[in-house]
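The values are calculated or read from the model by the stated rules, or taken from the named source; none is laboratory data. A quick note: this is a predicted structure, and the numbers were derived from the prediction, not measured. As a convention, Cβ positions derive from the backbone with ideal geometry for all residues, glycine included, and neighbour counts pool all protein chains shown. Side chains included, ligands, DNA and RNA excluded: accessible areas come from the protein's heavy atoms. Shrake-Rupley method; radii C 1.70, N 1.55, O 1.52, S 1.80 Å.
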Amino acid sequence: MSKPETPYRKRALGARALSPETLMMSYGFDAKLSEGSIKPPIFQTSTFAFATAEEGAAFFRVMGGRAQAGDPVEAGLLYSRFNNPNMEVLEDRLTLFDGAEDALVFSSGMGAISTVIMAHAHAGDVVLQSTPLYGGTETLIRAILPQYGIRSADFFAGASEAEINEAVDAALKLGRIAVIFCETPTNPTNEVVDLAVMKRLADEIGARQGHRPPVVVDNTILGPIGQSPLAHGADIAVYSLTKYIGGHSDLIGGAAMGASALMAPVRKLRSGMGTNLDPNTCWMLARSLETVSLRMKAAFEGARRVAEYLKGHPKVERVRYLGFLEPGSRDHEVHNRQSGGHHGSTFAFDVAGGQEAAFRMLNALGVLKLAVSLGGTETLICHPGSTTHAGVDEALRERLGFTGGMVRVSVGIENPDDLIADLEQALEQA
Ligand SMILES: *Cc1c(COP(=O)(O)O)cnc(C)c1O
């Protein structure tokens with residue numbers, strides 16, 4: 001079921017389809033319902049009045065999937081754990097860049113990821129994952145979900161199809177594969193997962209076990225401007241809205257999107273577990289969406305400038321920027337096919353001299369800020385080996401090529417010349 005066309009969900013001007021950048025300022029909001037307000041007010045309310053008892057009953061039937069003849073197509077406003085105008089405006093707008101039928105927002109990226117996986121995988125099932133994933137997702141799948149009877153099998157994100165098939169065989173011995181979860185490109189080491197292969201894998205697994213697992217892709221790193229997983233074989237895209245979409249390092253949120261049929265159990269579990277997002281944060285995110293395209297493109301361009309500067313620096317051993325993938329290599333082909341040549345703004349580089357030299361450089365920076373997280377307007381830099389990736393096991397670190405001197409930078413929208421000047425003076429201290 002696709003969202004019904006309403007006057008406030010118009011996507012076209014006559015025969016002209018409007019672009020997401022234009023629709024971000026209007027889609028999903030009817031000013032007439034809010035005193036003509038140009039912007040959606042914040043509906044800071046927990047609950048909504050029904051016109052009649054019958055209306056309340058009908059809304060609850062629709063929300064609970066028990067609609068009767070004569071009921072409205074969409075449930076009206078009920079209670080802010082289920083729905084709220086700010087939440088609905090944000091969800092409608094989030095569908096636009098990715099071309100998703102339905103989107104849902106959550107209290108955090110991990111709220112989105114955990115709700116999606118638990119909606120589709122139940123006790124006795126298996127999650128097939130690429131590795132490495134975001135640290136929180138690795139912990140969820142490897143340490144928390146087994147407590148609920150959900151096991152997992154993995155393959156390295158850069159694995160060959162033969163290696164992936166081995167992982168599938170191992171997974172099927174454990175139980176029914178209920179979800180294929182991957183992240184591409186991986187952060188910060190740039191392994192690439194081929195989503196066309198994942199789609200074929202899901203079809204084959206579906207034929208073998210009689211249930212096709214959805215392919216879920218965490219698209220936080222390139223964001224909706226850098227890559228559209230749904231157009232390349234994914235069934236569900238998940239985001240940490242905390243990063244590029246929120247974009248100002250001032251909120252925590254998450255989203256999941258895909259076909260309505262796949263979102264229905266996710267919506268139900270979100271209501272059941274209460275991983276929904278509050279109206280104020282939804283409002284801030286709708287505001288962020290108006291500039292996400294401008295911000296991300298500016299950050300991508302700044303990152304390209306910084307990466308090119310670092311590449312020639314004598315104190316930098318390796319720059320792991322997606323724009324520097326080896327032409328003709330598998331990763332180069334898959335990455336460019338999936339991202340349309342967008343290389344993002346978060347990447348790692350290796351400072352010569354190991355961790356001590358890297359720490360000296362980090363401590364000397366004056367413009368770049370020393371913090372984990374990414375995707376904000378300001379440039380953030382961190383040492384993954386001792387922070388975000390401190391828990392990654394030794395064998396995987398080796399396979400990923402971690403070095404003591406590796407630092408990760410998320411380039412923001414400052415003037416790139418200032419960032420380069422700051423790196424220049426700090427690298428002198430390394
Ligand atoms: C930050 C992040 C998450 C988790 O998002 P939160 O909003 O912090 O819960 C998930 N995946 C990726 C790739 C991330 O960078």
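Among the criteria (1) within 15 Å of the ligand (Cβ to nearest atom); (2) assigned to a helix (DSSP H, G or I), the one residue 129 does not fulfil is (2).
Which residues, counting only those in the stretch 139-149, are within 13 Å of the ligand (Cβ to nearest atom) and without any contact (Cβ under 8 Å) to a residue 60 or more places away in the chain? Steps first, please.
Pass one, the stretch 139-149, residues within 13 Å of the ligand (Cβ to nearest atom): 139-141.
Those that are within 13 Å of the ligand (Cβ to nearest atom) and without any contact (Cβ under 8 Å) to a residue 60 or more places away in the chain: 140, 141.
If only residues of the stretch 215-270 that are assigned to a helix (DSSP H, G or I) and within 14 Å of the ligand (Cβ to nearest atom) are counted, the one that is farthest from residue 288 (Cα to Cα) is 229. Note on the stretch 3-56: residues that are open to solvent by 90 Å² or more (accessible area, probe 1.4 Å) and part of a helix (DSSP H, G or I) total 4. For the stretch 402-421, which positions are open to solvent by 10 Å² or more (accessible area, probe 1.4 Å), under 20 Å from residue 296 (Cβ atoms) and either assigned to a loop (DSSP other than H, G, I, E, B) or not assigned by the TED database to the domain that holds residue 305 (or both)? Result: 413, 414, 415.
Restricting 154, 203 to those that are of a type outside the set (A, V, I, L, M, F, W, C) and assigned to a strand (DSSP E or B) reduces the list to 154.
Touching a Ser or Thr at 6+ places or on another chain (Cβ under 8 Å), open to solvent by less than 10 Å² (accessible area, probe 1.4 Å) and in contact (Cβ under 8 Å) with a residue 60 or more places away in the chain - does that describe any residue in the stretch 78-92? Yes, the stretch 78-92 contains a residue that is touching a Ser or Thr at 6+ places or on another chain (Cβ under 8 Å), open to solvent by less than 10 Å² (accessible area, probe 1.4 Å) and in contact (Cβ under 8 Å) with a residue 60 or more places away in the chain.
Here is a yes/no grid of residues against (1) touching a Phe, Trp or Tyr at 6+ places or on another chain (Cβ under 7 Å); (2) charged (D, E, K, R):
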| residue | (1), (2) |
| --- | --- |
| 279 | yes, no |
| 299 | no, no |
| 305 | no, yes |
| 309 | no, no |
| 315 | no, yes |
| 340 | no, no |
| 343 | yes, no |
| 352 | no, no |
| 356 | no, yes |
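Exactly one residue among 344, 354, 391 is within 22 Å of the chain's Cα centre (by Cα) and at positive phi, and that residue is 344. Residue pairs whose Cβ atoms lie under 8 Å apart, separated by 6 or more positions or on different chains, with the first residue in the stretch 240-259 and without any contact (Cβ under 8 Å) to a residue 40 or more places away in the chain and the second within 9 Å of the ligand (Cβ to nearest atom) and not aromatic (Phe, Trp, Tyr), are 251/241; 251/242.
Could you please give the count of residues in the stretch 121-158 that are of a type in the set (Val, Ile, Thr) and closer than 26 Å to residue 372 by Cα? First the steps, then the outcome.
To start, the set of residues in the stretch 121-158 that are of a type in the set (Val, Ile, Thr) comprises 126-127, 131, 137, 139, 141, 144, 150.
Then drop every residue that is not closer than 26 Å to residue 372 by Cα, which leaves 131, 137, 139, 141, 144.
Matching residues across the stretch 121-158 total 5.
Counting the residues of the stretch 88-118 that are away from the ligand (no atom under 12 Å from the Cβ) and either under 30 Å from residue 30 (Cβ atoms) or outside the structural domain of residue 17 (by the TED database) (or both) gives 17. Could you check the stretch 197-246 and list, in sequence order, the residues that are within 15 Å of the chain's Cα centre (by Cα) and among the basic types (Lys, Arg)? Of everything in the stretch 197-246, just one residue is within 15 Å of the chain's Cα centre (by Cα) and among the basic types (Lys, Arg), namely 243.
Each row is one residue, and each column tells you yes or no for (1) under 24 Å from the mean Cα position of the chain (by Cα); (2) away from the ligand (no atom under 16 Å from the Cβ).
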| site | (1), (2) |
| --- | --- |
| 305 | no, yes |
| 323 | yes, yes |
| 336 | yes, yes |
| 362 | no, yes |
| 376 | yes, no |
| 402 | yes, yes |
